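Every number in this text was worked out from the coordinates using simple rules, so none of it is lab data. All values derive from a computational prediction rather than experimental measurement. Neighbour counts are summed over all protein chains in view; Cβ atoms, including those assigned to glycine, are modelled from backbone coordinates with ideal geometry.
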Amino acid sequence: MPVKHDLYQDLGHTKEQVQKLQAQDPHLAALIKKYEEADVHVLEAEKNEAIGTSDDTLILLKDKRLKVKDKIVDELKRLNPAQHAQ
């Protein structure tokens with residue numbers, strides 16, 4: 001069963017915080033869009049798993065989504081280092 005991940009919760013930011021930063025940074029906006037597209041592909045693959053999506057394909061799609069999320073985290077740290085300092 002497909003499970004949509006809450007990107008903003010995973011990032012430790014509210015949707016409003018991320019949207020504000022997106023408006024200021026086109027690179028972050030592009031990464032968020034890329035993540036959303038990757039997430040759609042994962043959800044579709046999970047939904048269609050019973051009709052032919054291989055485990056290897058699903059793993060590759062999830063890995064791609066995770067790599068994009070890691071880039072988003074890095075970009076958020078660059079844009080707002082005080083929030084990530086600990």
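Annotations
- Test: Lys67 is within 24 Å of Pro81 (Cα to Cα), without any contact (Cβ under 8 Å) to a residue 24 or more places away in the chain and either part of a helix (DSSP H, G or I) or among the basic types (Lys, Arg) (or both): yes
- For Lys47, the conditions (1) out of contact with any Lys or Arg (no Cβ under 6 Å at 6 or more places or on another chain); (2) surrounded by 17 or more Cβ atoms within 10 Å (Cβ to Cβ) all hold with the exception of (2).
- Residue selected from segment 39-72 under the condition hydrophobic (A, V, I, L, M, F, W, C) and within 9 Å of the chain's Cα centre (by Cα), by the criterion farthest from Gln22 (Cα to Cα): Leu66
- If you go through segment 1-34 and keep only what is within 12 Å of Ile72 (Cβ to Cβ) and exposed (fewer than 11 other Cβ atoms within 10 Å of the Cβ), you end up with nothing.
- Here Thr53 passes the criteria (1) surrounded by 13 or more Cβ atoms within 10 Å (Cβ to Cβ); (2) free of Cβ contacts under 8 Å to residues at least 40 places away in the same chain; (3) part of a helix (DSSP H, G or I) except the one numbered (3).
- In this structure, His41 does not qualify as in a loop (DSSP other than H, G, I, E, B) and either surrounded by 15 or more Cβ atoms within 10 Å (Cβ to Cβ) or polar (S, T, N, Q) (or both).
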